[in-house]
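Below you'll find the structure, written out as structure tokens, and then a few comments.
The values are calculated or read from the model by the stated rules, or taken from the named source; none is laboratory data. Here the structure is a predicted model, which means the values were calculated and not measured. Every residue, glycine as well, gets a Cβ built from its backbone with ideal geometry; the counts of neighbours run over all protein chains shown. Ligands, DNA and RNA are stripped out before the accessible areas are found, and what is left, the full protein with its side chains, is counted by its heavy atoms. Shrake-Rupley method; radii C 1.70, N 1.55, O 1.52, S 1.80 Å.
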Amino acid sequence: MLKSNLFVQFEPLTHNYICGNKVLVGVTTLLKKHNLSPNYAGISEDVLDKAAQDGTAVHELLENYDNGKCALTNDIISGYTKVMQDYPKVLASEYLVSDNNLVASKIDKVLADYSLIDIKTTSTIHTSSVEWQLSIYAYLFELQTGFKVPALYCLHYDKKKGKFKMHEVRRLQDKMIEELFAAEAEGRIYCPVRENMLLKIFNDDELAHFVENETKIAELQETVKTLTSLQEMMKERLIEYMQSNAIKSMESDILKITYVEPTERRSIDSARLKKEMPDIAAQYEKVSKVKSSIRISLK
């Protein structure tokens, strides 16, 4: 069972976290101060205020629902319950975590297996910022409770479509969180070399989109790999059937399938040629220029 933090008090009027006579920094404020949150420069205050109010309303509605204080059901709650049925039940909402010294915050949702959820209502998910936010939550949660966090999720509510979608979030190394906390304690801006180099090329939002796109590409490639494997198995069944029944062509309203007779393909064993007849191989060697590129690996 989760026990509340007895050392830190949240003051709703000032939105401050108080530990004894010390004001702790909230995670949102921490990320903004160290340039790890989305940059909303150029967006009017009215638009930002309206978005913040809408986001708060959704958070409060879902908190009341999970705490049994919401008797009515609307489209938002219906969409929320539909997504959440595939995950462990909600153990706590707005669960306060802290190191009781420097940082404190409230986690939107703690699930029964101790996975953590942060709810976003922005039009775009800023992946890098969400990774930082949830990774800090996980670090503080494990420090405070001793329970291991198995997974991190961002539950995104698309206001235009009126739909929720769950996204699993990569957890950053604890070392990075500790380095950020150390920078805050020492009064300097956190700027790891690896992130700083990328931020010299991209701004915060561009970097977030770059990482998000690369992640989506990897997910799609894995999906294509799985679908291709399944499709090849079905093609083998088609070939066997068409061969057995001497069928050259089949059609449906959508597809036309043509049987292709087996053939022989001839090619040069270039490796053997280079080994046994290097002089001749050199005479027919073709050199092509390959432009520079980068190799990206997801961690």
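General remarks:
- Descending semi-axes in Å of region 145-299, equivalent ellipsoid built from Cα gyration tensor: 49, 32, 16
- Normalised by 2.2 N^0.38 Å, with N the number of residues, the alpha-carbon radius of gyration of region 37-162 equals 1.09.
- Exceedance of the 20 Å cut-off in Cα-Cα distance is limited, within the set Lys109/Lys163; Lys22/Lys175; Lys165/Lys216; Lys89/Lys159; Lys120/Lys159; Lys50/Lys161, to Lys22/Lys175; Lys89/Lys159.
- Of the residues Cys191, Cys154, ranked by 1.4 Å probe accessible area with the largest first, the sequence reads Cys191, Cys154.
- With DNA, RNA and ligands ignored, accessible area of Glu131 (1.4 Å probe; Å², nearest 10): 10
- Per residue, region 170-278 exposes 85 Å² of solvent-accessible protein surface, assessed with a 1.4 angstrom probe and all protein chains in place.
- Within the chain, helix-based [θ] at 222 nm, where runs of 4 or more DSSP H residues each add -39,500 (n - 2.57), nearest 500: -14500 deg cm²/dmol
- Cubic angstrom per residue, convex hull over Cα atoms of the chain: 274
- Remark on Leu96: its backbone amide H falls under 5 Å from those of Asn5, Ile107, a criterion applied only to residues 5 or more positions apart or on other chains, H modelled at 1.01 Å from N.
- Residue-wise HN-Hα couplings along region 131-137, as the Karplus relation 6.51 cos²θ - 1.76 cosθ + 1.60 with θ = phi - 60° gives them from phi, are 4, 4, 4, 5, 5, 5, 4 Hz; Gly and Pro carry x.
- Summary of packing: across the peptides 138-147, 286-295, 2-11, the per-residue average of other C-beta atoms within 10 Å ranks them, highest first, as 138-147, 2-11, 286-295.
- Cα-based helix-to-principal-axis angle, 174-185 vs the chain, degrees rounded to 10: 40
- Sequence of Met1, Met176, Met277 when ordered by accessible area, the most exposed leading, probe 1.4 angstrom: Met1, Met277, Met176
- Between Val169 and Leu152, Tyr153, Cys154, the built amide H atoms are under 5 Å apart, and every one of these is 5 or more places off in sequence or on another chain.
- Among 223-233, 12-22, 113-123, 85-95, the order from most to least packed when residues are scored by Cβ within 10 Å on average: 113-123, 85-95, 12-22, 223-233
- Nearest-0.05 FRET efficiency for Lys165 and Asn213, computed from C-beta distance (R0 25 Å): 0.90
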